[in-house]
Every structure is written in C-alpha cells, then in structure tokens.
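The values are calculated or read from the model by the stated rules, or taken from the named source; none is laboratory data. These figures come from a predicted structure and were not determined experimentally. Cβ coordinates were reconstructed from backbone atoms using ideal geometry, including for glycine residues, and neighbour counts include every protein chain displayed. Please note that ligands, DNA and RNA were not included when accessible areas were found on the heavy atoms of the full protein model with its side chains. Shrake-Rupley method; radii C 1.70, N 1.55, O 1.52, S 1.80 Å.
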Amino acid sequence: MAKSHGCDSCNEITGASTLDLLNQDLAKQVRTAYDRLEDRGMSACLFGSGGTCCKICNMGPCQIIDGVDTMLGICGATADTVAARNFARIIAAGTASHTDHAREMVRGFIATAKGQTPHEIKDIDKLHKMAKLFGIETEDRDKNEIAVELGEKALAEFGQQESTPLTMLKRAPKKQQNIWKKVGVEPRGIDREVVEMMHRTHMGVDQDYKNIMLQGARCALADGWGASMLSTELTDIMFGTPVPKRAIVDLGCLKEDHVNVTVHGHEPLLAESLCLAAEEDDMLELARKAGAKGINLAGVCCTGNEILMRRGIPVAGSFIQQEMVLATGAVEAMVVDVQCVMQSLAQVVKEMHTDIITTNYRAKMPDALHIQFEEHDAMNSAKKILRQAIGNFKKRGNHYIPEDKKFDVVVGFSHETINYMLGGRFRASYRPLNDNIINGRIKGVAAIVGCEHYKYADDVHFKIAKELIKNNVLVLATGCAASALGRRGMMRPEAAAEYAGPGLAEVCETVGIPPVLHVGSCVDNSRLLIALTEMVNEGGLGEDISELPACGTAPLYMSEKAVAIGQYFVSSGAHVVFQNLPTSGGKKFNDFLLKGMTELYGACWDVEEDPIKLAHKMIKAIDEKREALGINKKQDRILYDMAMRRELEGKALPGMGCGGEGDKH
Ligand code: BF8
C-alpha cells in the first residue's frame, strides 16, 4: 500500500471497500482526511483536548492548568469552570443543530398538511397518538386539519417561554419525570434552553460547574425529549413509520449503468422529494436519453439512514466514507444539505465530472453548485437537481465501483416495530423482550450510536458490537455507527448464529431478526428513549430508565450533536461510555461527569478508548443493574420448547423468521 492516504500500514483502515478503493490509481490522486490528518503533523493541543482553553472573552485565550495558581484565567476562572463552560457549549451547539433540523421538519410537516408539498400525512395512527398527547381533538376531523393543529402546537414548543415543561416529557416514565422536576432540569422551551446555555457560559455569568451542568442537562433534554423526538415522530407521520426492510449498504451499491445521485446531510424533506422525482417518467426518460438505464439514488450519513429506514434505499457510505463515495469517480452529483458535510468534497471532485450541489441557504460551500431546495416547490427543485446530475452522466470519466463490496442488511426497527416484532401484531408489547431479559436469555440492551472519525480504527463499532452480542446483549444502533455495523454484516439475521451468545441467538433466530437492530438516524436516538420507556412501562425491570439493564456508547464521537445525545441519555438515567471527553483538564468537573451525576440522574458518563474494554464496561454496567433488580442469578438456560417457539414464531415479521401469511402488517 502506498504511503498516501495516511495509510502506511493501514492499521486504522480495515473496511474492505475503503481499502479496495484506496488501492485504485484514481483514488490515489485524491487527498482525503487520512492524508490531511497525517500532513498536519501535530498532535491535538492538550488544553483543547482537556477542555481548559478559554476563548470566551478577548482577555485570553487563556490556557488553564488545574491546581496551578499562576495558570488561572485572567478573570480568575478555574479549570473546572472553563471545562464545564466549554462542555456545556458543545451541548448547546449539538442541541441547536438538532433543533434547527427539527424546526425545518415541523415546518415541512405543516406545509404538507396544508397540501403545499408533494408529500402526504401517511401514518394516521401515529398522528392520532401525537394529537392526543398535545390535547388535540381527533374525532370526525380530517387528517390534514389535525396535522395542521399538531404542527402548529409543535412549532410553538420551540419558542415557548413559560415554565410549562415540554409536552413530550409526559411520555417518560412517571418516576423519571419526578426526577427531572426534583433536580430542576425540565426543559421549558426548546430554543430558550440553548439561548440560556449560551448566556450562562458567557464571561462572568455562571461560575459553578455543577450549576452550569444543570442547564447542560436541561438543554440536552430539550434536544432528546423535545426537538429530536418531535422531528422523528412528525417525520414518521409524514413519510411513514419505518418497518423492517431488506436493503444494501456500502460503496458497491453504486451502479455502472445508472446515473448515480448521492444524498448527503440530514433533513429528509429534500431526500424524500428526490426519491419521488427520480421515479417520474420525464426524469427516467431523460436519464435514458443520456444513455443510462435509470437513476440510482443512494444515501450518505444520516440522510442515508432516513431513506434507508423508510424506503430501503441503499447507503453508499457513512461519515468517514463521504470522500470515498466521490473518489469512485462514478457519482454524477452529491446533493447535500446540512451537518457533517466536509468542506473537502468540492476539492475531491475538482478534476471529475461530479457536481457537489448545495441545496440549503444555511449551508453553502466554495466551489460547489447551489440549487436552492424550495419546500413549497419541492418537485421542481428536485427535478432541477436531477437534471443537473443526468447531464453529467455522459461526462463520466475514469471510475471504479467496488461492485462486490456491499452488504445485505435488514433495517427499519422503529420502537413500534420492536414492539410488534416481539409481541406480535395483535398483541404488541415489550413483554417478551422484558421476559427474555428477566430469564437471562438476553442480558440487556446496548445502544451503539453516533459518529466515526479518522483518529481511531474504523472497526471499533464492530469490535464492540461483537463483544456485546457474544455476551447476549441485544444491540440497537443509529447514525453512522449503524452504517458501520451494517458494513460488517451485523444487520443480517444470520449474524445471530455467527456472532451472538446462545441466549440472544436463540431469540433472534426464533423471531428472525439480526442481533444488531438499525433504529435510524442520529435524530432517531429519540426512538431509543421511547423504547427504554416502553421497557420500564412493561414492568419487571424497575420504575425508571436508570434501573434498566441498558447502556449506551458513541465510541467514535466526532460531532457536538453526539455530546448533546450523550448528555440527554445520562440525564434520562442511561449510563453512557465515550472514547474520550474534552473535560479531563478540570479534575473536579471531570469527576462530577464520571461519578457525581449518578446522584442526580442514577447514571453518569464513562470513558474508555479500548473497544473491548469499552464493551466490558458496558456489560459490567448492565450486570450491575441486573444484580440490583435481583435477576442476575445464574440460571439453567431454558431452551425454547416447541410450544414456546410456536408462540414467538407467530409474531415474526413477514419475510423474516417464520411469521407466515397471517401476520402481515
Ligand atoms: O447526525 S452520526 S457523523 S452523520 S453527527 Fe454526523 Fe455523527 Fe454521522 Fe448524522 Ni450523527
């Protein structure tokens, strides 16, 4: 392997498609993040990494050293205060990103209900459930009328100023709600919590790290139980709640004889419109005239996860593969909106026929083409984008598609799916999951979520998941972590027999599910909050989330959003392990995150770089909960007898397991 791509021995790159591509002459001409990481030639600043570089006012920047009196901030700020302020601002930025995404989805939802978009209100059942939660009358009312009222009430939650907690908090277990009330962290309005967080971390305001983190928790909760949950649910109502689907992931999903259009970013309004437009006769005719057999849409990052979950559209790549997707030379256009889009993309395609098309006024890029996506004229916007891509097909030059590098996946595990998958369509319930946890077949539930980045090996998610499922822990995955696990074959039902411990394998094989379930995009981590709540409500596993044998990790966190997600899980009672946190420079503050928070929420943060040790920290956390619940006694493994199998098999999903015709949904 050549020295290029920061890949001397390729220790950090193990993904088969990436290695294959980087070995091609075409890709060797492209500068990727691996090259930039190596070329930078300097390690990360210790003050920045430890969270003690303060650049909040212009007296500094001040580098603080904990315990050294001469190295306080000029204002006297201590390492703990500075680390807490910086950490809280990361949460605020992450929350703002999810919030702004969610607001766009709610606006799109209202426009859809008013008939101003090509979409429609699809999931009436969920519409009614959400309407009930918001106190909206549904009887004898048209679905669009209900949806307009729901959308407007949801939109009001962003700007809400009063001290009424956000509506979605009511979905949490009662005890959880009481904890938040007692600690004083119930979010009041979504935007308000971000603004207050930024204010409280301004120079000379909140100087008590514990108090700063009360607002940090409130801000993060406004993300998880507020913005993200609204986004997930309203998007489901509009585009359909995901149900299990077979699909493929990885670079091999690009097609030689099709116009390849990749959709990268986060807000699915654009991607859904492209999906509709790509099926229209005039677009297909245009593609054929250009010499292509059709239009092949493929996703990247979380937009990819959104259309994968709902439509089974393939994911070409996740965060660390975005440059690789382009380096194939086989993509006619990469259409981007907001978040996690690297500025290098336009440079990667400089000598290629590919257009990088920005589509959102909030996110433009030098050297890219901008075609504004107008939600009120969505089809025309989408067609304009597709026309541009089709026009490039004939110009495709040297290219290489690693065609054999793709994996089958089964995706679409919304919390509703998990519900009827294990409980059966006519008796949807988390009971069988809880029972299997109580009887020890399944040790517990782990979430592997969040990003990827270039500083660690690309098989970290895989190693963690393998260790967890070997120990009978059911894994739920979202975001780029989910794509990474899909690329390692962990989302095929057969993965249960290959990797899972006997108890988990037995349950997975009986129901016909993979041992790693794809739950969606990063915003869809809110689905995990609801799944955990359902487990509590089902009974037998404690009264709040902190009592459940459950644990989460974002082992390759890159984005600020991952920290907001981590904090809303911790504040909701779930133990969370990251590879590192930018807080180690403030000892007392760091200890507070890693231990002290437990007193408030029954859960705290944890850090561990080694993937196997990280998995075992998660298993230990799960075992401790089992111990506390009194269900950790060594039990003789009870094999399913025929009657028990028949009982569960009757609940399997169509096309998976042995559900048969009778259980179609
Ligand atoms: O929201 S997992 S790298 S794409 S931030 Fe970004 Fe991280 Fe991927 Fe999606 Ni989430």
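Accessible area of residue 625, 1.4 Å probe, to the nearest 10 Å²?
The value for residue 625 is about 50 Å².
Under the definition of Cα pairs under 8 Å and six or more residues apart, what whole-number percent is the relative contact order of the chain?
On the way: 1461 pairs, mean separation 106.4, N = 665.
This gives 16 percent for the chain.
If amide hydrogens are placed 1.01 Å from N in the peptide plane, which non-local residues have theirs closer than 5 Å to the one on residue 552?
It is 447, 575, 576, 577, by chain and number.
So what's the convex hull volume per residue for the Cα atoms of the stretch 126-253, in Å³? If you can, show how the numbers build up before the last one.
Numbers: hull volume 21.9 nm³, N = 128.
That works out to 171 Å³ per residue.
Given C-alpha coordinates of the stretch 312-441, what is the ratio Rg to Rh with the Kirkwood estimate of Rh? Kindly include the intermediate steps, with their values, before the conclusion.
Values: Rg = 20.7 Å, Rh = 17.9 Å.
Across the stretch 312-441, the Cα-based Rg/Rh ratio is 1.15.
Leaving out same-chain residues fewer than 8 places away, which lysines sit with a Cα under 18 Å from that of residue 625?
Here the lysines satisfying the reach criterion relative to residue 625 are 175, 443, 595, 617, 633, 634.
Restricting things to alpha carbons, tell me how big the stretch 536-606 is in terms of Rg and Dmax, in Å.
Using the Cα atoms of the stretch 536-606, the pair Rg, Dmax is 12.7, 42 Å.
Tally up the carbon and sulfur contribution to the accessible surface of the chain as a whole percent, 1.4 Å probe, everything protein left in place.
50
Between residue 610 and residue 369, what length in nm is gained on full extension when 0.36 nm per residue of separation is reduced by their alpha carbon distance?
Full-extension gain reported as 82.6 nm.
Report, to one decimal in Å, the Kirkwood hydrodynamic radius for the chain based on all distinct Cα pairs.
25.4
Based on Cβ point charges of +1 for Lys and Arg and -1 for Asp and Glu, what charge dipole magnitude is obtained for the chain about its Cα centre, in debye rounded to the nearest 20? Could the numbers behind the result be given before it?
Numbers: 77 positive and 88 negative charges, 118 e Å.
So the dipole magnitude of the chain works out to roughly 560 debye.
Which log10 I(q)/I(0) values, to two decimals, does the stretch 19-73 give at q = 0.15, 0.23, 0.30 Å⁻¹ under the Debye formula with one point per Cα?
At q = 0.15, 0.23, 0.30 Å⁻¹ the computed log10 ratios are -0.61, -0.90, -1.11.
Label residue 497 and residue 139 with points 7 Å out from Cα along Cα→Cβ: what is the distance between them in nm?
5.3
As a test question: what accessible area, to the nearest 10 Å², does residue 34 have when a 1.4 Å probe is rolled over all protein chains in place?
In the full protein context, residue 34 sits at about 10 Å².
Rolling a 1.4 angstrom probe over the protein heavy atoms, how many square angstrom per residue are accessible across the stretch 67-147?
Per-residue accessible area for the stretch 67-147 comes out at 42 Å².
Over the chain, what is the percentage of antiparallel beta bridges among all DSSP beta bridges, to the nearest 5?
Percentage antiparallel, nearest 5: 15.
Mind checking which lysines have their Cα closer than 27 Å to the Cα of residue 55? Skip sequence neighbours fewer than 8 apart in that chain.
210, 364, 455, 561, 587, 588
What ranking, highest mean first, results for peptides 319-325, 338-344 when packing means the other Cβ atoms within 10 Å averaged over each residue? Show your work: numbers first, answer last.
Working: 319-325: 25.7, 338-344: 18.9.
Listed from highest to lowest mean packing, they are 319-325, 338-344.
Taking R0 as 25 Å, what's the FRET efficiency between residue 71 and residue 203 from their Cβ-Cβ distance, rounded to 0.05? Walk me through the numbers on the way to the answer.
On the way: r = 18 Å, r/R0 = 0.73.
About 0.85, to the nearest 0.05.
Would you mind computing, in nm to one decimal, how far apart the modelled labels at residue 537 and residue 629 are, each placed 7 Å from Cα along Cα→Cβ?
Simple spin-label model gives 1.7 nm for this pair.
Round to a whole angstrom and tell me the spacing of the C-alpha centers of the stretch 181-258 and the stretch 452-478.
First find each Cα centre; the distance between them is then 23 Å.
Using a 1.4 angstrom probe with every protein chain in place, what is the largest-first accessible-area order of 337, 591, 208, 281?
Numbers: 337 10, 591 55, 208 75, 281 120 Å².
Result, largest first: 281, 208, 591, 337.
Between residue 280 and residue 343, how high is the FRET efficiency from 1/(1 + (r/R0)^6) when r is the Cβ-Cβ distance and R₀ = 25 Å? Nearest 0.05. Kindly include the intermediate steps, with their values, before the conclusion.
Numbers: r = 33 Å, r/R0 = 1.30.
About 0.15, to the nearest 0.05.
If I model a spin label at residue 289 and residue 156 as a point 7 Å from the Cα along the Cα→Cβ vector, what separation in nanometres do I get?
Going by the 7 Å Cα→Cβ label model, 5.0 nm.
At a 10 angstrom cut-off on C-beta neighbours, averaged per residue, how do the peptides 76-82, 304-310, 402-408 rank from highest to lowest?
304-310, 76-82, 402-408
May I ask you to give the solvent-accessible area per residue for the stretch 227-377, in square angstrom, as obtained with a 1.4 angstrom probe? The partial results should precede the final answer.
On the way: 4180 Å² over 151 residues.
Accessible area per residue, the stretch 227-377: 28 Å².
Full extension from residue 46 to residue 404: what is 0.36 nm times the residue separation minus their Cα-Cα distance, to one decimal in nm?
Here the answer is 124.6 nm.
Identify the residues of the stretch 182-204 with backbone N under 18 Å of a label point that sits 7 angstrom from the Cα of residue 210 along the Cα-to-Cβ direction, or state none.
182-186
Run the numbers for residue 58 and residue 598: contour at 0.36 nm per residue of separation, minus the present Cα-Cα distance, in nm.
Values: separation 540, 0.36 × 540 = 194.40 nm, distance 3.58 nm.
Extending this stretch completely gives an extra 190.8 nm.
Give the long-range amide H neighbours of residue 335: residues separated by 5 or more places, or on another chain, with amide H under 5 Å away, using H modelled in the peptide plane at 1.01 Å from N.
Amide H neighbours of residue 335: 262, 263, 264, 357.
Taking θ = phi - 60°, what integer Hz values does the Karplus form 6.51 cos²θ - 1.76 cosθ + 1.60 yield along the stretch 56-65, in sequence order, with x for Gly and Pro?
Calculated HN-Hα couplings, in order: 6, 10, 8, 6, x, x, 10, 8, 9, 10 Hz.
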